[in-house]
Amino acid sequence: MQKVTIEPFNVIGIKVRTSNANGQSAQDIGQLWGKFMSEGILQQIPNRIDDSVFSIYTNYQSDHTEPYDTILGCKVNSLENIPEGMVGQSFDGGTYGKFISKGDLTKGVVFGTWSEIWESDLDRVFTADFELYGTRAQNPSDAEVDVLVAIK
């Protein structure tokens with residue numbers, strides 16, 4: 001893990017409220033990704049800075065064992081124009097632990113990273129954690145995804 005500082009940023013995308021209980025998040029987030037891809041959500045996001053996709057976990061009820069929101073979207077330079085059916089949210093940034101998931105996205109490599117994080121003794125703050133799917137994640141069978149976890 002590398003400790004990094006993230007500057008404040010804004011995201012526009014689509015959202016689902018979910019929970020890790022009983023595999024619910026795998027189903028809900030899978031459906032959210034399906035909608036994101038099949039409906040061309042990326043191309044509909046106004047004022048996006050680039051085409052990197054953020055999968056953000058935020059608005060935690062308490063910690064990762066309780067309900068939270070997942071937002072799939074892009075970093076934008078303005079929240080003034082949020083299309084119908086989408087959400088916009090500002091994030092404060094802060095101190096993050098950075099992990100890199102390397103491998104085949106279809107074989108759960110990112111979930112494996114999260115499993116390690118959940119079992120670790122990281123001093124998490126549960127404000128906003130996220131995965132960043134940038135240029136290194138374009139080949140799903142040999143991808144690199146940054147996983148960033150808010151810490152004290």
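The values are calculated or read from the model by the stated rules, or taken from the named source; none is laboratory data. Here the structure is a predicted model, which is why all the values come from computation and not from measurement. Note: ideal-geometry Cβ built from the backbone for every residue, glycine included; neighbour counts use all protein chains shown. All accessible areas refer to the heavy atoms of the entire protein, side chains included, with ligands and DNA or RNA removed. Shrake-Rupley method; radii C 1.70, N 1.55, O 1.52, S 1.80 Å.
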What are the pairs, 6+ residues apart or on separate chains, where a residue within region 23-48 that is within 16 Å of residue 83 (Cβ to Cβ) has its Cβ under 6 Å from a residue that is open to solvent by less than 80 Å² (accessible area, probe 1.4 Å) and not hydrophobic (A, V, I, L, M, F, W, C)?
44/83; 47/78
Take region 118-133 and flag every residue that is over 12 Å from the mean Cα position of the chain (by Cα), among the charged types (D, E, K, R) and open to solvent by less than 50 Å² (accessible area, probe 1.4 Å).
124
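Can you list the strands (runs of 3 or more DSSP E) lying wholly within region 1-117 that have 2 or more residues being open to solvent by 30 Å² or more (accessible area, probe 1.4 Å)?
Once the strands (runs of 3 or more DSSP E) in region 1-117 are filtered for at least 2 residues that are open to solvent by 30 Å² or more (accessible area, probe 1.4 Å), what remains is 2-6, 9-18, 87-91, 94-103.
Scanning for something within 17 Å of residue 149 (Cα to Cα), in contact with a Gly (Cβ under 8 Å, 6 or more places away or on another chain) and among the hydrophobic types (A, V, I, L, M, F, W, C), does region 25-41 turn up at least one residue?
At the first step, the residues of region 25-41 found to be within 17 Å of residue 149 (Cα to Cα) are none.
No, every residue in region 25-41 fails to be within 17 Å of residue 149 (Cα to Cα), in contact with a Gly (Cβ under 8 Å, 6 or more places away or on another chain) and among the hydrophobic types (A, V, I, L, M, F, W, C).
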Evaluate the following for residue 108: is it out of contact with any strand residue (DSSP E or B) (no Cβ under 9 Å at 6 or more places or on another chain) and of a type outside the set (Lys, Arg)?
yes
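Taking only region 85-116 into account, find how many residues are charged (D, E, K, R) and more than 15 Å from residue 142 (Cα to Cα).
From region 85-116, those charged (D, E, K, R) are 92, 98, 102, 104, 107, 116; that's our starting set.
Right, trim to more than 15 Å from residue 142 (Cα to Cα) and you get 92, 98, 116.
Qualifying residue count for the region: 3.
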With criteria (1) within 16 Å of the chain's Cα centre (by Cα); (2) under 21 Å from residue 41 (Cβ atoms), residue 100 comes up short on (2)
Does residue 138 satisfy the condition of being surrounded by fewer than 16 Cβ atoms within 10 Å (Cβ to Cβ), more than 20 Å from residue 37 (Cβ to Cβ), over 15 Å from the mean Cα position of the chain (by Cα) and not acidic (Asp, Glu)?
no
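Tell me, which residue of region 60-96 that is touching a helix residue (DSSP H, G or I) at 6+ places or on another chain (Cβ under 8 Å) and in contact (Cβ under 8 Å) with a residue 60 or more places away in the chain is nearest to residue 50 (Cα to Cα)?
Here is the first cut: in region 60-96, the ones touching a helix residue (DSSP H, G or I) at 6+ places or on another chain (Cβ under 8 Å) are 64-65, 70, 72-74, 83, 86.
Keeping just the survivors that are in contact (Cβ under 8 Å) with a residue 60 or more places away in the chain gives 64, 73-74, 83, 86.
On the way: 64: 29, 73: 11, 74: 7, 83: 18, 86: 18 Å.
Checking each candidate, the answer is 74.
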